[in-house]
Amino acid sequence: MIMELLQDHNEPLYLQLKKILRAAVVNGEYAPGQQIPTEQELMKQYNVSRITVRRAIQELILEKYLVKSQGKGTFVNQTRPRRELVNLKSFTEACEDNHQVAKSQVLSVMVEKANKHDVRRLGVSEADKVIHITRLRFRDDVPFLIEHSYYPYPQYEFLLHHNLSGSVYAILKEELGLVPVRSERSVEIVYATAEQAQLLGVPKGAALFLMRMVVYDDQDRPVHHNIVYLDGGTYRFSW
């Protein structure tokens, strides 16, 4: 039985419970096909409301860690997501691997109030702040993508004192010994605004890939999340 307590007052309770349950699944504490405790049992164990329990479980169902069987309960998914620890490459490293030159233009660096996306993806609270870094990234001097990166503040405050035109991952490794290991991504098609079109050198209304990404460390803690706009005419995805 999990004995962790919900003590982090800076994080919504449902996110704390979600992380505890997800860790139990990933670590094998709950085996594939095993039923997890009932809502009532989780409410009693963690002294939280039914709404908190249901939201945590629902998100784990959406992420395919859990499955609900009508009238029977909630079970660990037999084919739960794999979490292989494979070091992520930075944009700079990816370009180097393809014999291309990476360059970044920092458009803005701001400390701002966390929004609902930051709360959901980074596990911060609405009262917290994030560091919002906006960069235009080039491949062989050709504008390639617009990147909005969000890091929890003040945990990553040191980024404000670095030159961010290179690899931020190199800074994370230098400062914290931190190496991002996995990401969760989604992609959709959007159409370039006038500002995006000017930055990327494409016509207004041109098709862009919109990639949303959350990057995690080796303890499965979110490091940052990104919102990236890529020129749809020059990028090919490989999953």
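Table: residues versus (1) touching a helix residue (DSSP H, G or I) at 6+ places or on another chain (Cβ under 6 Å); (2) at pLDDT 90 or above.
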site: N10; (1), (2): no, no
site: L13; (1), (2): yes, no
site: K19; (1), (2): no, no
site: G28; (1), (2): no, no
site: Q35; (1), (2): no, yes
site: K44; (1), (2): no, yes
site: T52; (1), (2): yes, yes
*Name, by its number, the condition in (1) modelled with pLDDT under 90; (2) part of a helix (DSSP H, G or I); (3) surrounded by 14 or more Cβ atoms within 10 Å (Cβ to Cβ) that does not hold for L88.*
(2)
*asked:* Give me the residue from the stretch 134-186 that is under 18 Å from D218 (Cβ atoms) and among the polar types (S, T, N, Q) and, out of that set, modelled with the lowest pLDDT.
replied: S183
*Based on what the data block shows, is G177 over 20 Å from the mean Cα position of the chain (by Cα) and farther than 22 Å from P12 by Cα?*
no
*Kindly check whether there is at least one residue in the stretch 14-27 that is in contact with a Ser or Thr (Cβ under 8 Å, 6 or more places away or on another chain), under 29 Å from E126 (Cβ atoms) and surrounded by 20 or more Cβ atoms within 10 Å (Cβ to Cβ).*
yes
*Name the one entry in Y169, Y150 that is buried (at least 18 other Cβ atoms within 10 Å of the Cβ), in a strand (DSSP E or B), of a type in the set (S, T, Y) and touching a residue at least 24 places away in the same chain (Cβ under 8 Å).*
Y150
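The values are calculated or read from the model by the stated rules, or taken from the named source; none is laboratory data. Everything quoted here is computed from the prediction, not taken from an experiment. We place every Cβ from the backbone using ideal geometry, glycine too, and count neighbours over all the protein chains shown.
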